[in-house]
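Colleague: My structure is below; once you've seen it, I'll send some questions.
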Amino acid sequence: MPYIPHSDADRAAMLAAIGVRSMDELFGDVPEHVRFPELDLPAALSEMEGRWELEVLAEANFNAGSGPCFLGAGAYRHFVPAVVDAVVRRGEFYTAYTPYQPEVSQGTLQAIFEYQTMICNLTGMEVSNASHYDGATATAEAVITAISVHRLKRRKVVMSPSVYPEYRAVVRTYTQGMGLSVVGDEPAGPGAHDSAGWASASTLKELIDDDTACVIVQYPDFLGRIEDLSELAAAAHAARALLVVVADPIALGLLKPPGAFGADIVVGEGQGLGAGLSFGGPYLGFFATRQKYVRKMAGRLVGQTVDAEGERGFVLTLTTREQHIRRERATSNICTNQGLVVLAAAVYMAALGKCGMRRVAELCYHRAHYAQQQIGQIEGFSVVGDAPFFKEFVVRCPRPVAEINDYLLNEWGIIGGYDLGRDYAALKNHMLVCVTEMNPREDIDMLVEALQEVAL
Amino acid sequence: MKLDSDARYAKSHEWARWDGEEIVCGITDHAQESLSDVVYVELPEEGDSFEKGDGFGVVESVKAASDVYLPMGGEITGVNEALEDKPELVNQDPYGDGWMIRFAPSDPSEFDALMDTEAYEAFVAEEEG
């Protein structure tokens, strides 16, 4: 939708129509003494000086692109092709917002429709919404959808401890006051981790009963592991609980899609699909489910239809689900979507295609396995467990992870992996190492060399 | 405005009619006209129990989502599954094929407290007025 500014003549006509003499008079209700308060700010800088000052500040940062990066744990350094920015920065997309008027938003609506379609292809599901803020809130919305599907009669949520810690916290925050009990991820629960026995998601089966609205697992899990979830799916379905799978969209370029092994709702973080790390956001929560749950799904939904002349067109559809019509009976308060990040993801998926996404996933997989093998040979470090994994794996370290990471950063300019001791008491001195297609072999060899020094 | 002479009416525009020992219930012609094209009806499950006045479902049309309320208390014994695929039955035949639920009333005398066709007609006229 183009920006059409007002001319002075337009403004004068409008003022005259409402009987106001000047723009200032419109602010008449604001007391004089607060209209232009004194602000204790330094003198204005020129554009050149301002930019100079910001550049100096920026140079003090060491960001993920400044050196080899092996940090993942929910936000990942994946390649963003130039074509993504080229499309996303177009003014028609960059400034457009809510596509409620289909007659002026066909471009935006079509892009979202294509995104929805590709997410369904990737996850093996039947319908996708136009996105949520991020993977964490999408997971919380999945819980709310499951509760709604069960007409509020079931109050229990079974959640794996190897779902991202922040996601589990957000699920609890989101559902507080709803009278739900969220179980399964307690430190001493059946799914708990300890450095000897690594609980798999299947141990959650014993917690499922007929008060369970949904079971939530992550694929690959927070520790990078891939597990066959079909038994868990069967157990959930036997109790008529929904299976919610939090999935890594990059991994789905290689792995069996959750829709193929019984997922009822697939959610996750779409940041890896064409959005940079950006210090934490904006990110992208995707949400896909089965057609039969579409009316319980939150978020915007773009549908394909024909106009009065029989031409194909796109519109926001099933809008009676949304809070501005259903109000307190809506499934969720969310009535927005991450339009620009959705567009980036759509461009990424279209540009790479099925083969490209498989190639990216293969690179992540093979490089991570190479790294694990090399690190496992360093004296003092050991790989943990023998479960299949995708792009992240756990390493037991001879010293605290924080110390190792300080050394890596200060002496080698390497960003080390995630300190699992922060979230799991049993995993102190365990590091979660992430390797993506953006870590060439040289990076990995450098990390190995650096870690060899650490062990000494 | 169409009316069913065997039915009685609630102020929230639902109708109720005896069928044997059970009550059949739906929304009135006036209601379906105000809503315009119905696209979805959310119905309760058999065995659900409600008090008089409780919301038992939602009617979604192209322009609104409206709660529907039980004109009498009771336990649901049947729902109109045809509405799943053909919600437009509510518009086409609100007192016949567009019925929504059947229930066993907990207090049959609540039927008499509902408006008869004349009273309902007058009520609607006044609401519009």
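Colleague: Please count how many residues of the stretch A:155-185 are of a type in the set (Val, Ile, Thr) and touching a Leu at 6+ places or on another chain (Cβ under 7 Å).
Modeller: Residues in the stretch A:155-185 being of a type in the set (Val, Ile, Thr) and touching a Leu at 6+ places or on another chain (Cβ under 7 Å): 3 in total.
Residues checked against (1) surrounded by fewer than 16 Cβ atoms within 10 Å (Cβ to Cβ); (2) in contact with a Cys (Cβ under 8 Å, 6 or more places away or on another chain); (3) not small (Gly, Ala, Ser):
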position: A:GLY285; (1), (2), (3): no, no, no
position: A:ALA288; (1), (2), (3): no, yes, no
position: A:ARG300; (1), (2), (3): no, yes, yes
position: A:ALA308; (1), (2), (3): yes, no, no
position: A:ARG367; (1), (2), (3): no, no, yes
position: A:GLN372; (1), (2), (3): no, no, yes
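Colleague: Further, regarding this structure: Consider A:MET178 against the criteria (1) surrounded by 24 or more Cβ atoms within 10 Å (Cβ to Cβ); (2) out of contact with any strand residue (DSSP E or B) (no Cβ under 9 Å at 6 or more places or on another chain); (3) of a type in the set (A, V, I, L, M, F, W, C): it satisfies all of them except one. Which criterion is unmet?
Modeller: (1) is the only condition that A:MET178 fails.
Colleague: Any residue in the stretch A:85-93 that is over 30 Å from A:TYR418 (Cβ atoms) and of a type in the set (Phe, Trp, Tyr)?
Modeller: yes
Colleague: Here's another thing I want to ask about it. List every residue pair whose Cβ atoms lie under 6 Å apart, where the two residues are 6 or more positions apart in sequence or sit on different chains, the first residue falls within the stretch A:139-160 and is within 14 Å of chain B (Cβ to nearest Cβ) and at negative phi, and the second residue, located anywhere, is modelled with pLDDT of 95 or more and surrounded by 24 or more Cβ atoms within 10 Å (Cβ to Cβ).
Modeller: Close Cβ pairs (under 6 Å, with a partner that is modelled with pLDDT of 95 or more and surrounded by 24 or more Cβ atoms within 10 Å (Cβ to Cβ)) amount to A:HIS150/A:ALA213; A:ARG154/A:ALA213.
Colleague: Another question about this same structure. Search the stretch B:55-74 for residues being buried (at least 20 other Cβ atoms within 10 Å of the Cβ) and aliphatic (A, V, I, L, M), and hand back the single one that is farthest from the other protein chains (Cβ to nearest Cβ).
Modeller: B:MET72
One line per residue, one yes/no per condition, for (1) in the same structural domain as A:TYR219 (by TED's automatic domain parsing); (2) in contact with a helix residue (DSSP H, G or I) (Cβ under 7 Å, 6 or more places away or on another chain); (3) crowded, with 18+ Cβ neighbours inside 10 Å:
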| position | (1), (2), (3) |
| --- | --- |
| A:ALA387 | no, no, no |
| A:LYS391 | no, yes, yes |
| A:PRO398 | no, yes, no |
| A:GLY416 | no, yes, yes |
| A:TYR424 | no, no, yes |
| A:GLU437 | no, yes, yes |
| A:PRO440 | no, no, no |
| A:ILE444 | no, yes, yes |
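Colleague: Which of the residues belonging to the stretch A:354-387 are of a type in the set (Gly, Ala, Ser) and more than 20 Å from the chain's Cα centre (by Cα)?
Modeller: A:GLY356, A:ALA368, A:ALA371, A:GLY376, A:GLY380, A:SER382, A:GLY385, A:ALA387
Colleague: Regarding the stretch A:439-456, can at least one residue be identified that is under 26 Å from the mean Cα position of the chain (by Cα) and under 30 Å from A:THR123 (Cα atoms)?
Modeller: Looking for residues that are under 26 Å from the mean Cα position of the chain (by Cα) and under 30 Å from A:THR123 (Cα atoms), one finds at least one in the stretch A:439-456, hence yes.
Colleague: Here is a further query. Considering each residue of the stretch A:276-308, count those that are among the small types (Gly, Ala, Ser) and within 14 Å of chain B (Cβ to nearest Cβ), and give that number.
Modeller: 1
Colleague: Test A:LEU243 against the stated conditions and say whether it is more than 15 Å from A:GLY72 (Cβ to Cβ) and either within 14 Å of the chain's Cα centre (by Cα) or outside any loop (DSSP other than H, G, I, E, B) (or both).
Modeller: Criteria met by A:LEU243.
Colleague: Is at least one residue of the stretch B:9-30 away from chain A (no Cβ under 13 Å), more than 14 Å from B:LEU114 (Cα to Cα) and in a helix (DSSP H, G or I)?
Modeller: Yes.
Colleague: Does A:THR108 fit the bill of being buried (at least 21 other Cβ atoms within 10 Å of the Cβ) and among the polar types (S, T, N, Q)?
Modeller: Taking the combined requirement at face value, the residue satisfies it.
Colleague: Just to check your reading of the model, which residue among A:ALA239, A:ALA247, A:ALA233 is in the same structural domain as A:TYR115 (by TED's automatic domain parsing), buried (at least 19 other Cβ atoms within 10 Å of the Cβ) and over 12 Å from A:LEU122 (Cα atoms)?
Modeller: Result of the check over A:ALA239, A:ALA247, A:ALA233: A:ALA233.
Colleague: What pairs can you find where one residue is in the stretch A:302-317 and farther than 23 Å from A:MET118 by Cα, the other is surrounded by 16 or more Cβ atoms within 10 Å (Cβ to Cβ) and modelled with pLDDT of 95 or more, and their Cβ atoms are less than 7 Å apart, with a gap of 6+ or different chains?
Modeller: The qualifying pairs are A:ASP307/A:GLY313.
Colleague: Filter the stretch A:310-326 down to residues that are at pLDDT 70 or above, out of contact with any helix residue (DSSP H, G or I) (no Cβ under 7 Å at 6 or more places or on another chain) and either away from every other protein chain (no Cβ under 14 Å) or surrounded by fewer than 12 Cβ atoms within 10 Å (Cβ to Cβ) (or both), then give me how many there are.
Modeller: Of the residues in that region, 3 qualify.
Colleague: Next question, about the same structure. Tell me whether the stretch A:340-352 contains one or more residues that are hydrophobic (A, V, I, L, M, F, W, C), farther than 30 Å from A:GLY107 by Cα and under 26 Å from the mean Cα position of the chain (by Cα).
Modeller: Within the stretch A:340-352, none of the residues are hydrophobic (A, V, I, L, M, F, W, C), farther than 30 Å from A:GLY107 by Cα and under 26 Å from the mean Cα position of the chain (by Cα).
Colleague: Here's something else I'd like to know. Restricting attention to the stretch B:64-107, and to residues there that are touching a residue at least 24 places away in the same chain (Cβ under 8 Å) and of a type in the set (S, T, N, Q), which single residue is nearest to B:THR28 (Cα to Cα)?
Modeller: Among residues in the stretch B:64-107 that are touching a residue at least 24 places away in the same chain (Cβ under 8 Å) and of a type in the set (S, T, N, Q), the one nearest to B:THR28 (Cα to Cα) is B:ASN91.
Colleague: Among the residues of the stretch A:78-104, how many are modelled with pLDDT under 90 and among the small types (Gly, Ala, Ser)?
Modeller: Matching residues across the stretch A:78-104 total 2.
Colleague: Kindly indicate the residue of the stretch B:45-54 that is more than 8 Å from every other protein chain (Cβ to nearest Cβ) and outside any strand (DSSP E or B) and also nearest to A:THR319 (Cα to Cα) among those meeting that condition.
Modeller: B:ASP54
Colleague: Sticking with this one: Restricting attention to the stretch A:260-271, does a residue exist that is within 20 Å of the chain's Cα centre (by Cα), farther than 17 Å from A:TYR167 by Cβ and within 14 Å of chain B (Cβ to nearest Cβ)?
Modeller: Looking for residues that are within 20 Å of the chain's Cα centre (by Cα), farther than 17 Å from A:TYR167 by Cβ and within 14 Å of chain B (Cβ to nearest Cβ), one finds none in the stretch A:260-271, hence no.
Colleague: If you don't mind, there's one more thing I want to ask. Going through A:LEU26, A:LEU71, A:LEU41 one at a time, which residue ends up being farther than 30 Å from A:MET438 by Cα, surrounded by 12 or more Cβ atoms within 10 Å (Cβ to Cβ) and not assigned by TED's automatic domain parsing to the domain that holds A:MET431?
Modeller: A:LEU26
The values are calculated or read from the model by the stated rules, or taken from the named source; none is laboratory data. Remember, predicted model here, so these are calculated numbers, not experimental data. Neighbour counts are summed over all protein chains in view; Cβ atoms, including those assigned to glycine, are modelled from backbone coordinates with ideal geometry.
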